[in-house]
1. For a quick check of your reading of the model, give me the residue pairs whose first member lies in the stretch 57-74 and is in a helix (DSSP H, G or I), whose second is modelled with pLDDT of 90 or more and surrounded by fewer than 23 Cβ atoms within 10 Å (Cβ to Cβ), with beta-carbon atoms closer than 7 Å and at least 6 apart or on different chains.
2. Which one is surrounded by the fewest Cβ atoms within 10 Å (Cβ to Cβ), of the residues in the stretch 248-271 that are modelled with pLDDT of 90 or more and part of a helix (DSSP H, G or I)?
3. Run down 324, 319, 355 and say which single residue is in contact (Cβ under 8 Å) with a residue 40 or more places away in the chain and either farther than 27 Å from residue 120 by Cβ or assigned by TED's automatic domain parsing to the domain that holds residue 56 (or both).
4. Can you find, within the stretch 63-72, the residue that is farthest from residue 99 (Cα to Cα) among those that are touching a strand residue (DSSP E or B) at 6+ places or on another chain (Cβ under 8 Å) and at pLDDT below 95?
5. Here is a list of conditions, (1) part of a helix (DSSP H, G or I); (2) crowded, with 19+ Cβ neighbours inside 10 Å; (3) free of Cβ contacts under 8 Å to residues at least 60 places away in the same chain, and residue 150 meets all of them except one; can you say which number that is?
6. Is it fair to say residue 230 is over 22 Å from the mean Cα position of the chain (by Cα) and not assigned by TED's automatic domain parsing to the domain that holds residue 50?
7. Looking at 123, 193, 145, which is the one that is under 26 Å from residue 58 (Cα atoms) and touching a strand residue (DSSP E or B) at 6+ places or on another chain (Cβ under 6 Å)?
8. Would you call residue 159 part of a strand (DSSP E or B), in contact (Cβ under 8 Å) with a residue 60 or more places away in the chain and under 29 Å from residue 54 (Cα atoms)?
């Protein structure tokens, strides 16, 4: 990725240092979902705008930062310790929209295909995983996201990069914007609360007032200790009355730094992308623009072709093919006219670069499969899954119908692509 070295110069790390890029995956998903207006879906009606937006954001990171070490952190389903200490935590948040939830498995699969490690641990939010990585790995970190909840993690070796705004947030940025050290933003949120996550804070105290109090007294506990001295009556009374609520709020906004995240840097190494898998996914999702951006796959050696003539191989072969997202097929016949031709063989490819040829009626050939086996093979073609791609499919459709079979799940024809 040639751009990487140029954009990496923006990062405040010494030359030669390879920071770990930690992506706030859950934030990425929602930002991608709401960033694209309107509706996107493939021809089968699968919503795709969050998948497309997420993929674009991930590509921006991979191209512009060219990371050696990278990981995506996702929220795990189910309650966390915050729900145990405050039942109403995030209670006012609406459920994940149905048209978004169906896209999440594809998002994870695309991330994996791009060679990016994924972290999701039951009982922990993505922010907790990020905080634990920052704490447990003595290594420069770039947090990729824009969530203010992560600002307290910023330090001399930890920065935040918001790819949507192309903004780098470091210690000086925090001080300039808020007037306090990054770690003190926890106390600010504890006082001000957060309606998004249903964190109560102290009534009547907003971010501006909370920043003034923390700037003056240094910490939440010092603010509460000096509350009787505060001249504004309502503020003084609320700080005294809701002191325990403020302490509870701090526990809710405090990030858990003890999640069992891998501490070996090797876990976070960026692997080689699986171009064939990405191509199959982008075909299914109908991401034509992204398909064009994929690099060409390597030339296929004839060593990867296999002639199948033993019937006992068919069961295993078909089982593997049914689990593939895409099946490329090509029928062979003994005539250029599909109304007269007889099927003599079929070529199959579902795990590139490996491909198979199954002969049935080649004239003069010795080792061939019995015709009865073709019915088993045809069961692949008559099923909706895997998706099918062929060449000159109109010819194959006629040929199949004449032999009593249909073709379902057609995704593309290379003759008209």
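1. 58/111; 58/114; 62/114
2. Once the filter is applied, the top-ranked residue is 266.
3. None of the other options fit; the residue is 355.
4. Top of the filtered list is 68.
5. (3)
6. Working: over 22 Å from the mean Cα position of the chain (by Cα): yes; not assigned by TED's automatic domain parsing to the domain that holds residue 50: no.
Criteria not met by residue 230.
7. The match here is 145.
8. Details: part of a strand (DSSP E or B): yes; in contact (Cβ under 8 Å) with a residue 60 or more places away in the chain: yes; under 29 Å from residue 54 (Cα atoms): yes.
Yes; evaluated as a whole, the condition is true for this residue.
The values are calculated or read from the model by the stated rules, or taken from the named source; none is laboratory data. Keep in mind that this is a model prediction, so the values were computed, not measured. Using ideal geometry, Cβ is built from the backbone for each residue, glycine included, and neighbour counts are taken over all protein chains shown.
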